[in-house]
Amino acid sequence: MIDIGSTGRGTNIPGTGDFDFMFRISDSNYNGAVNYYKSKILDLFGLKTYDSTDNDLRLKDVYIQGTEEVHKVDIDITFAYKNPEVYYPTEMCLQDRLNTIKYKYPDKYNYVLANIIIAKLILKDFGSHKKRTSHAEPKGGMGGVGIETWVLEHDGSFTKACQTFLEHAMVTAEY
């Protein structure tokens with residue numbers, strides 16, 4: 001099980017967010033394993049029911065035990081078959097890139113995080129953050145991983161990312 005969400009990387013919009021995990025299963029009895037682990041996770045939180053799609057477990061307003069204060073959080077767990085050919089998923093790559101910045105360029109780390117968060121806020125305001133989940137929704141755009149990658153590819157600068165996008169859009173529009 002790996003932490004795949006922006007909350008774990010510190011790139012979530014402040015005051016929002018849930019905790020996103022990917023639970024990869026290599027068991028030949030995949031469906032049986034998913035049901036087994038879902039029931040074990042529900043037991044840990046003292047729950048009997050939950051929001052679910054086929055491969056997701058959505059826990060809303062659950063309590064974290066063992067903390068001094070009572071914390072209610074949302075936890076989303078996606079179950080997926082573990083592909084033996086994938087050793088380095090996107091979320092791990094993003095975390096490694098952020099860790100590298102944090103340790104090699106500590107003075108720029110908060111700047112990069114701030115640029116990612118600002119990008120998410122601005123794109124969210126324009127309806128371009130979060131992928132379109134259905135044909136009924138008229139707007140859509142990049143999810144958190146896409147925005148983080150886009151900003152990181154431009155030296156951690158949302159301004160540079162926008163400038164490059166506009167330059168390419170203008171060239172494309174000329175054709």
### Task
Determine, from the Cβ-Cβ distance of THR159 and TYR105 and an R0 of 22 Å, the FRET efficiency 1/(1 + (r/R0)^6), rounded to the nearest 0.05.
0.80
#### Entry: Relative contact order of the chain, defined on C-alpha pairs under 8 angstrom at six or more residues apart (%)
19
### Query
In terms of modelled amide H atoms, which long-range or inter-chain residues lie less than 5 Å from the amide H of PHE21?
ILE4, ASP76, ILE77, THR78
### Task
Could you tally the net charge around GLN95, taking each other residue with its Cβ under 9 Å from the Cβ of GLN95, Lys/Arg +1 and Asp/Glu -1?
-1
### Query
When the chain is treated as a GNM, springs tying every alpha-carbon pair under 10 Å, which of PRO106, PRO14, PRO84 comes out with the largest mean-square fluctuation?
PRO84
### Task
Name the residues whose placed amide hydrogens come within less than 5 Å of the amide hydrogen of TYR81, ignoring near sequence neighbours (fewer than 5 apart) on the same chain.
ILE25
#### Entry: Reachable lysines from LYS120, criterion Cα separation under 21 angstrom, eight or more residues apart if same chain
LYS102, LYS108, LYS130, LYS131, LYS139, LYS160
### Summary
With SER6 itself left out, Lys, Arg at +1 and Asp, Glu at -1 over residues whose Cβ is under 11 Å from its Cβ give -3
### Task
Grab the DSSP H runs of the chain that are 4 residues or longer, score each as -39,500 (n - 2.57), total them, divide by all residues and round the 222 nm result to the nearest 500 deg cm²/dmol.
-14500 deg cm²/dmol
#### Entry: Degrees, to the nearest 10: 106-125 long Cα axis against longest axis of the chain
90
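Here, each number is a calculation from the coordinates, and none is a lab measurement. A quick note: this is a predicted structure, and the numbers were derived from the prediction, not measured. Cβ coordinates were reconstructed from backbone atoms using ideal geometry, including for glycine residues, and neighbour counts include every protein chain displayed.
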